[in-house]
Each structure stands twice: as C-alpha cells, then as structure tokens.
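A short write-up of the structure that comes next.
The values are calculated or read from the model by the stated rules, or taken from the named source; none is laboratory data. Here the structure is a predicted model, which means the values were calculated and not measured. Neighbour counts run over all protein chains shown; Cβ positions are idealised from the backbone, glycine included.
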C-alpha cells in the first residue's frame, strides 16, 4: 500500500484550487472546459481565463462553451471532449420566401458552430483579437443565430450578417445564399467599412437595435 506524501498532495490541491477559483469567476463555460480537460497544465487554464476575461471586458458576458471551444480548441459537449472542428449542427431550415432568395436555400442545414469557427479565423486574419470576436458573436447571434439561411420576411435581410438585401453578398461570392464563409467575408467587410470593428457594430446595435 502506497501513501502519497502530504506536502505533494497539498500542493496538488492548492494548484487545482487556484485554477478552479480563477476560472469560476469568469463563467460556467470556462468551468465546463476546465472539468473536461482536467489534466491540462496551468498555461491552458490561464488561456481559457484570459479569453473569458477579454470577452467579459468587451461585451459584459463570457463566451458559452461551444464558442469558447472555437477560440481555445476544446470543449465538453454531451459529456465528451471534442475538437472545435467537430461542429454541433443545428438542424434548422428556413421555409420563408424572401425576395432574391432561391427556394433551394430552404433545404440548407445551418451550422452555427462551424460558422463561428470560420469567423474566428477571419477575425484573426484581420488583426482583431478575442474581444472583437466576442462582440461579433453577440452581434450575429442577435441578428441570425449564426444561421446561414436566416431570412427576415419583413425586411428581406438574409444570412448570418443579415445583409439587406441578401443579394449584396454576391460581391463576396456567387454562393452567398448557402456558404457561411462567403457571408462572413462580406459581413466583416461591411462592419470594417461602416463601424471599424465588430465591437463598434455591436455598440451601435445595442444603442439603436440594428447595425
């Protein structure tokens, strides 16, 4: 029978406790990730903490577990650890006829998680950080739920960024009705040109209800 040295055991408890306290102060999503990757080092735990702190500073809210996974690379979904590249597909389709939108888009399956992963790559390519991504997540969650086929029958707005009209996104690609990357490219270009950054657009949306 082996007995662990008391000092070693106390040190392990103290280290785990410090990381857990650090994460518990920045939202349940961070705690969920921490539990799912319980054996990771302090550096990884600090990365999660830093990401959440930036998100809270930018929007007042921590990222949820799936969005956090897009940024840090791992998430607990259904009790299992999965790669951020494994999308949680929302089986949501649009059946609303909208001017300029092909009826074929009604069969498109929305993949909000995958769309966020694409957006995170594009956000970084533009030199923006976690704070701007957090604002973008909030903005497009409000606008479309990150659904590539989100259609507003009243205004004619369409897609993840709710382009008005949707056909404006054709400037970014002919597959604008069905391709999240094309919509995101257009949307980030629009945000950059009109508001400078996603946080600028999110601030405007919070103030007047649209962007």
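Descriptive notes on the structure:
- Matching entry among 182, 130 (being farther than 23 Å from residue 64 by Cα and in contact with a helix residue (DSSP H, G or I) (Cβ under 7 Å, 6 or more places away or on another chain)): 182
- Unique residue being more than 21 Å from residue 56 (Cβ to Cβ) and modelled with pLDDT of 95 or more when the list is 119, 110, 157: 157
- Yes/no for residue 174 being part of a helix (DSSP H, G or I) and more than 23 Å from residue 54 (Cβ to Cβ): no
- Residue 141 surrounded by 23 or more Cβ atoms within 10 Å (Cβ to Cβ) and at pLDDT 95 or above: no
- Test: residue 141 is under 17 Å from the mean Cα position of the chain (by Cα) and within 19 Å of residue 66 (Cβ to Cβ): yes
- Residue 201 being surrounded by fewer than 24 Cβ atoms within 10 Å (Cβ to Cβ), in contact with a helix residue (DSSP H, G or I) (Cβ under 9 Å, 6 or more places away or on another chain), in the same structural domain as residue 115 (by TED's automatic domain parsing) and assigned to a helix (DSSP H, G or I): no
- Residue in the range 160-171 that is out of contact with any helix residue (DSSP H, G or I) (no Cβ under 6 Å at 6 or more places or on another chain), under 24 Å from residue 65 (Cα atoms), modelled with pLDDT of 95 or more and not assigned by TED's automatic domain parsing to the domain that holds residue 63 present: no
- Exactly one residue out of 193, 187 is within 19 Å of the chain's Cα centre (by Cα), in a helix (DSSP H, G or I), assigned by TED's automatic domain parsing to the domain that holds residue 132 and at negative phi, and it is 187.
- Single unsatisfied condition, residue 67 versus (1) closer than 18 Å to residue 198 by Cβ; (2) touching a helix residue (DSSP H, G or I) at 6+ places or on another chain (Cβ under 6 Å); (3) assigned to a loop (DSSP other than H, G, I, E, B); (4) at pLDDT below 95: (3)
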